[in-house]
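Here is the structure we will look at.
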Amino acid sequence: MAADRPRKPEKKQPEESTASAPERIQKLLARAGVGSRREVEGWIEAGRLVVNGQPVAPGQKASVSDRIELDGKRLDITAGAEVLRRVLIYNKPEGEVTTRRDPEGRPTVFDSLPRLRDHRWIAIGRLDINTTGLVLFTTDGELANRLMHPSRQIDREYAVRVFGEVDEAMIKRLSEGVLLDDGMAKFSDITEAGGKGINQWFHVTLLEGRNREVRRLWESQGVRVSRLKRVRYGPIFLPSRLTVGKWEELDQKAVDSLSKSVDLKPVEIPAKTPSEQKIHDRQRRKQPSSAPRKSGNPRWQVDSSGPDQKPARKPPTRKSPKR
């Protein structure tokens, strides 16, 4: 009988970022652009957050109609009343840190981004100061959280040049797993990308984003990373047209693809007014002062020079004396 047949498993439907009903306070404040979920959790643990006059308890829910205070000051969470999902891709140069404010006064990735009126950009994953390449930013805290959460297994691809001898046994160990200080780690994929001798290029893929994981994996095998650039995050690739220190905003199709990869329903990107579009275009064309000027081929391309070596200077040519 048809009733006795096993049912097919229901296909998981994309979830929608909703802002109307009460929700976990971390999610609400992240969407409102007040802070990341990790920052908000730290505020809760420290007893710095108060909702309607009462300290926030773990797992507590709130809505935009509640009075939320941080260190006695009321937070403006009106931006949390709606889901705004804009996404930027940024080609990070060396020398910038992936933090909003740096106590040492170093340039940050946020210094180069366009300013927002009622929201703020959230970095999706971090790159250390010496790593270049793709960094994603969004205004949607839920999208950022899902793209960074280890359970989602979002792959990150890097172009890496290593200095040292690499053999098949080493590649096998890096693919099967290596014990680091913070647990087992491995590359989900390793592909040779050229180079000669003890300077070789590889494309490697990770399914998580632990601190300096690519460098630490290679260093565990006695070789050193001399160049490192992220070229992909999930379905988003770093386009070759995007020069170092520049950003561009993803269109509706690309944002929808990114949302689908973490089971979120599409959200329409609001159209910009002519004035907003003019400001946006002017900011996009502006060359940030913190980005070093590049000439010739990008540094991460395959070459056979030693690590961090500068080209030798040619001796000056002597002019023959006039007769």
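For the range 99-228, go through all pairs of different Cα atoms, get the mean of 1/r, take its inverse, and jot down that Kirkwood value in Å. Please report the intermediate quantities before stating the final value.
Working: mean 1/r = 0.0612 Å⁻¹.
That comes to 16.3 Å for the range 99-228.
Return P(r) of the range 16-140 (all Cα-Cα pairs; 10 Å bins starting at 0; whole %; ordered from short to long distances).
Here the calculated profile for the range 16-140 is 13, 39, 32, 15, 1.
Carbon and sulfur atoms: what percent of the 1.4 Å accessible area of the range 17-141 do they account for?
Numbers: 2590 of 5870 Å².
Percent of accessible area from carbon and sulfur atoms in the range 17-141: 44.
Which entries of 27/265; 27/73; 186/265; 172/196 have Cα-Cα distances beyond 22 Å here? Write out the running numbers ahead of the final one.
Working: 27/265 17 Å; 27/73 20 Å; 186/265 32 Å; 172/196 20 Å.
Table pairs above 22 Å Cα-Cα are 186/265.
Excluding ligands, DNA and RNA, what is the solvent-accessible area per residue of the range 23-132 at a probe of 1.4 Å, expressed in Å²?
50 Å²
Ordering 23, 168 from largest to smallest accessible area (1.4 angstrom probe), what's the sequence?
Numbers: 23 15, 168 130 Å².
The ranking, largest first, comes out as 168, 23.
Show 171, 279 ordered by accessible area, largest first, where the area counts protein heavy atoms only and the probe is 1.4 Å.
Details: 171 30, 279 70 Å².
Listed by decreasing accessible area, they come as 279, 171.
Express the C-alpha Rg of the range 46-118 as a ratio against the empirical globular expectation 2.2 N^0.38 Å, rounded to two decimals.
On the way: Rg = 16.6 Å, N = 73, 2.2 N^0.38 = 11.2 Å.
Normalised by 2.2 N^0.38 Å, the Cα Rg of the range 46-118 equals 1.48.
Tabulate in residue order the Karplus-calculated ³J(HN,Hα) for the range 239-244, using 6.51 cos²θ - 1.76 cosθ + 1.60 with θ = phi - 60°, rounded to whole Hz; enter x for Gly and Pro.
Each residue of the range 239-244 in turn: x, 5, 6, 8, 6, 4 Hz.
Just how far, in whole angstrom, is the range 119-147 from the range 193-244 if you go by their alpha carbon centroids?
18 Å
Do me a favour and compute the ellipsoid semi-axes for the range 183-277 from its Cα gyration tensor, root of five times each eigenvalue, largest one first, whole Å.
On the way: eigenvalues 234, 63, 26 Å².
Each semi-axis is √(5λ); the values are 34, 18, 11 Å.
The values are calculated or read from the model by the stated rules, or taken from the named source; none is laboratory data. Keep in mind that what you see is a predicted model, and the values were worked out from it rather than measured. Remember, those area values only see protein heavy atoms, side chains included, never the ligands or the DNA or RNA. Shrake-Rupley method; radii C 1.70, N 1.55, O 1.52, S 1.80 Å.
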